[in-house]
Each structure stands twice: as structure tokens, then as C-alpha cells.
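The values are calculated or read from the model by the stated rules, or taken from the named source; none is laboratory data. As the structure is a computational prediction, the values presented were derived from the model and not from experiment. Don't worry about glycine lacking a Cβ; one is built from the backbone with ideal geometry, like all the others, and counts go over all protein chains shown. Surface areas here come from the heavy atoms of the whole protein model, side chains and all, with no ligands, DNA or RNA. Shrake-Rupley method; radii C 1.70, N 1.55, O 1.52, S 1.80 Å.
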Amino acid sequence: MAVLRPFDKLPVLNSATLLLVGSDEGLQQELAKAMLQEKKSFKISIHLATSLPLPSEGDHLRPRIDLIVFMIDIKSKYSLKNVEASLAHVAASFFLGKVCFLVTGVGRVNYCSVEMSSIWKLGEVYCSPVLYCELELERIRVATAQRLLRMLQICAGHVPGVSALTFNFMLRNSY
């Protein structure tokens, strides 16, 4: 069973890698496309996975992952179960500011099949921020992409004086 570790590879100068994990590949691709279209001062690489663990045969070619975003569709219990199962394949040290949960579909609360308390509990248990959005709306998708890019920039160490751990603390205590 392969476990992702945050510091097992060296960082690359002016570069950052994001891993999107979730069962809705269409939304992952739309979010990745929005992130790539944004203006940024560093090179980004975005990898998509429906679940973890990642295949071990390409591990030596895989870059260091700076931020993992677990996407949970509020309309799908499978989506939450998939994320919960994937969390077992992430080293505990990743949860020191390099993981966040992105809850999608929040504009359609009437179709909600996932308890919000389950999602809040995930954020609490894993000491990771929970972001809520509606990726089907372009302006919200763009705003979410910008927010994730800023988080990625911090997690990759490209913002002087701000670490992923202090940023995570500030983000979690701003609610």
C-alpha cells in the first residue's frame, strides 16, 4: 500500500504540483483548466486521480506533491466514501497544511445526500480547511481556482514569511 509523503522528494524552483482527488472527473478537469488559465508567477503541474493510492510503477517519475485537494460532491455519498478511503493512503505529515477538502454542489442543498456534519468532522479530524463552492458556475469556478492557486503557492514555499502550517491555522480560524 503506497502512502503519499510530503517531503520525500526535492522541490523544483518556481514550480508547484497539485493533486486533485475526487470521483467527478469532469469537475476536476474544469477546475484544472480554470487554474491553468489564471495568471501566475510560477509553473504549476496538476494531476488528477479518482482515488488513492496512486499507481506505484510511475512513482520515481512523479514530482513532489505540494497540495492535495480532496473533492467531495455534496450530492453523492460515494464521493464522500471515496475520499474517506483515499485518506488512508496519505501520510499524517501531509495534514500539516498541505491538504484541503473542496465541497462541490453546495448551491443545490435540496439534492444533498451527504451530511454536512460528516464533512465538518473530516476537516476537524484531519486539521484541514474545508472550502465550499459551486463549480458549475464559471465565476465561482474562477474564484475557487484563484484561491487554490494562492494556497498552492504558499504550500510550495513561494511566499516569503508564510508557511503552509501557519496559513492553514489562519484559514481554519477565520470562520
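Tabulated data for the structure shown
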{"quantity": "Global form of the stretch 6-126, assessed from the alpha-carbon gyration tensor, a/c cut-off 1.5", "calculated": "prolate"}
{"quantity": "Local electrostatic count at S51 - Lys and Arg +1, Asp and Glu -1, tallied over other residues with Cβ under 13 Å", "calculated": "-2"}
{"quantity": "Among 126-132, 52-58, the order from most to least packed when residues are scored by Cβ within 10 Å on average", "calculated": "126-132, 52-58"}
{"quantity": "Listed residues D59, D24, D73, most fluctuating in the chain (Gaussian network, C-alpha, under 10 Å)", "calculated": "D59"}
{"quantity": "Under-5 Å amide H pairs with M71, H placed in peptide plane, nonlocal only", "calculated": "V21, G22, L102"}
{"quantity": "Relative contact order (percent, whole number), the chain, Cα cutoff 8 Å, 6+ residue spacing", "calculated": "26 percent"}
{"quantity": "Hz values of 3J(HN,Hα) by residue in the stretch 64-80 - Karplus curve (6.51, -1.76, 1.60), Gly and Pro given as x", "calculated": "5, 8, 8, 8, 10, 10, 8, 9, 10, 8, 5, 8, 9, 5, 4, 4, 5"}
{"quantity": "Additional length obtainable on full extension of the chain from S15 to C112, 0.36 nm per residue less Cα span", "calculated": "31.2 nm"}
{"quantity": "Nearest-0.05 FRET efficiency for H60 and R139, computed from C-beta distance (R0 45 Å)", "calculated": "0.65"}
{"quantity": "Within the stretch 124-153, GluC sites (Glu not before Pro) in DSSP loop having at most 16 other beta-carbon neighbours inside 10 Å", "calculated": "E134, E136"}
{"quantity": "Pairwise centroid distance, computed over Cα atoms, of the stretch 133-169 with the stretch 88-120, Å", "calculated": "16 Å"}
{"quantity": "Mean projected area in nm² (Cα convex hull; one quarter of hull surface) for the stretch 40-92", "calculated": "5.0 nm²"}
{"quantity": "Å² of accessible area per residue within the chain, as computed with a 1.4 Å probe and no ligands counted", "calculated": "53 Å²"}
